[in-house]
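Quick notes on the structure that follows.
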């Protein structure tokens, strides 16, 4: 006999938790299903603890920048306070009681276990069966994946999860994967004294960003002593005597630890998608503008393929909740999805890159301004690497993409995200006043450079 409810939410990452809580507060009976931690990857293994690591590493680097600017400084890295802060402040030692109590306090029923669709509007968790009168919300997220390299699976490599739980910085670290996670972690551990080499199969780091961003972060990494290998073909990995060995053709790299940051896979297998006409072997679940994936089924978060970001999941959750409750609201729009890589310098972007715009055959022109040549960049001096790059659709006279690289670039991006989202004419942006001396004032220079 199935237990009746209004909605079953499978997966309680940020979007799923938010959707379950909102629906419960709206008076619906909600069953919230989670097999791991309420809150998902972000607060326990990703966004929050990794940014604590980035913050700590940034403090060390700022201290190293004091000579010649403000006196003298001796810097002694210590990972212990970082590990303690992650355990005590961010994750409660990877205990989700606070999040679980927050959710049940809103009226949702929390059920622990693997949720599986066993019929339309029916979800089975362990031996419990739930019939969802209004429907099912899927927010099962993604999991770290490792490439099929000879010997790798038999080694005790790290993913982001083990890196976040580290109790000390390793003496040496190999990072396989030059995307966001790999780049952030490479710089963090390097600044805490680890000898780090980052290895990427593609021809550049951060391949989803502008080439200028990739070139600058490579330059910064090498300046800081981080080894960078791009275009690398890793043929084998071994682990003997507490040491990893990575084989790259004629080159061999060794380190105490190996971090695999080559991507993530959607958690769709075993979800019972065939019962609602969907393919569990797909890389993502297609949804319409209201997050509908099938009759009585909504999908949100990483599994929709619209950006593996907490802010995308939360945005989609709000849209799905409105649709379930029958409320009016705009459909999802993804022309201005913001993203930030929290390296130093920060690399922040929104909308299309120049290459993506050209691939869509858009009529575009670009403008660039270098942060060191701005008044604020000149004042900032050491640690002032960066630039602003704008991509304008010349037919529409609006920005379709923008990149901000530099100190606090993620904050500068807010202005650019609004401009792209609202399709503000570049003529209007040129007529604005920009506070002096600020980093964001370089946007004015980039606008003038649009050619």
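Taken over segment 267-295, the residue count meeting the criterion of being at positive phi and surrounded by fewer than 22 Cβ atoms within 10 Å (Cβ to Cβ) is 3. Within segment 371-384, the set of residues being in contact (Cβ under 8 Å) with a residue 40 or more places away in the chain, within 15 Å of residue 409 (Cα to Cα) and not in a helix (DSSP H, G or I) comprises 374, 383. Within segment 133-141, can one find any residue that is surrounded by fewer than 17 Cβ atoms within 10 Å (Cβ to Cβ) and assigned by TED's automatic domain parsing to the domain that holds residue 320? Yes, some residue in segment 133-141 is surrounded by fewer than 17 Cβ atoms within 10 Å (Cβ to Cβ) and assigned by TED's automatic domain parsing to the domain that holds residue 320.
Annotation note: Cβ proximity below 8 Å between a residue of segment 161-181 that is within 23 Å of residue 236 (Cα to Cα) and outside the structural domain of residue 197 (by TED's automatic domain parsing) and a residue that is at pLDDT 95 or above and assigned to a strand (DSSP E or B) (sequence gap 6+ or interchain) occurs for no pair. Please verify whether residue 190 is assigned to a helix (DSSP H, G or I), closer than 23 Å to residue 401 by Cβ, outside the structural domain of residue 368 (by TED's automatic domain parsing) and within 22 Å of the chain's Cα centre (by Cα), treating the condition exactly as stated. The answer is no for residue 190. Take the residues in segment 103-119 that are under 29 Å from the mean Cα position of the chain (by Cα) and outside any strand (DSSP E or B); name whichever of them is surrounded by the fewest Cβ atoms within 10 Å (Cβ to Cβ). Step by step, filter segment 103-119, then rank; the result is 105.
Just to check your reading of the model, which residue among 132, 166, 186, 171 is under 19 Å from residue 248 (Cβ atoms) and modelled with pLDDT of 95 or more? Quick ask: steps written out before the conclusion?
Details: 132 fails: under 19 Å from residue 248 (Cβ atoms); 166 fails: under 19 Å from residue 248 (Cβ atoms); 171 fails: under 19 Å from residue 248 (Cβ atoms).
It is 186.
In this structure, residue 361 does not qualify as farther than 21 Å from residue 418 by Cβ, in contact with a helix residue (DSSP H, G or I) (Cβ under 6 Å, 6 or more places away or on another chain) and assigned to a loop (DSSP other than H, G, I, E, B). Out of the residues in segment 424-443 meeting the condition of being in contact with a strand residue (DSSP E or B) (Cβ under 9 Å, 6 or more places away or on another chain) and without any contact (Cβ under 8 Å) to a residue 60 or more places away in the chain, tell me which one is nearest to residue 220 (Cα to Cα). Filtering first and then ranking leaves 440.
The requirement of being in contact with a strand residue (DSSP E or B) (Cβ under 6 Å, 6 or more places away or on another chain), in the same structural domain as residue 290 (by TED's automatic domain parsing) and free of Cβ contacts under 8 Å to residues at least 60 places away in the same chain is fulfilled nowhere in segment 82-103; no residue meets it. Of all residues in segment 296-321, those being without any contact (Cβ under 8 Å) to a residue 40 or more places away in the chain and surrounded by fewer than 17 Cβ atoms within 10 Å (Cβ to Cβ) number 2.
This table checks each residue for (1) farther than 30 Å from residue 398 by Cβ; (2) touching a residue at least 40 places away in the same chain (Cβ under 8 Å).
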site: 272; (1), (2): yes, yes
site: 281; (1), (2): yes, no
site: 284; (1), (2): no, no
site: 288; (1), (2): no, yes
site: 323; (1), (2): no, no
site: 329; (1), (2): no, no
site: 334; (1), (2): no, no
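Comparison of 180, 237 shows that the only residue that is surrounded by 14 or more Cβ atoms within 10 Å (Cβ to Cβ) and closer than 30 Å to residue 307 by Cα is 180.
Between 257, 264, the distinction of being in contact (Cβ under 8 Å) with a residue 12 or more places away in the chain, surrounded by fewer than 23 Cβ atoms within 10 Å (Cβ to Cβ) and farther than 19 Å from residue 120 by Cα belongs to 264 only.
Residues in segment 1-56 that are assigned to a loop (DSSP other than H, G, I, E, B), at pLDDT 95 or above and on the phi < 0 side of the Ramachandran plot: 12, 13, 26, 28, 29, 35, 36, 37, 38, 46.
The values are calculated or read from the model by the stated rules, or taken from the named source; none is laboratory data. All of these numbers come straight from a predicted model, not from anything done at the bench. Positions of Cβ are backbone-derived with ideal geometry, glycine not excepted, and every protein chain shown enters the neighbour counts.
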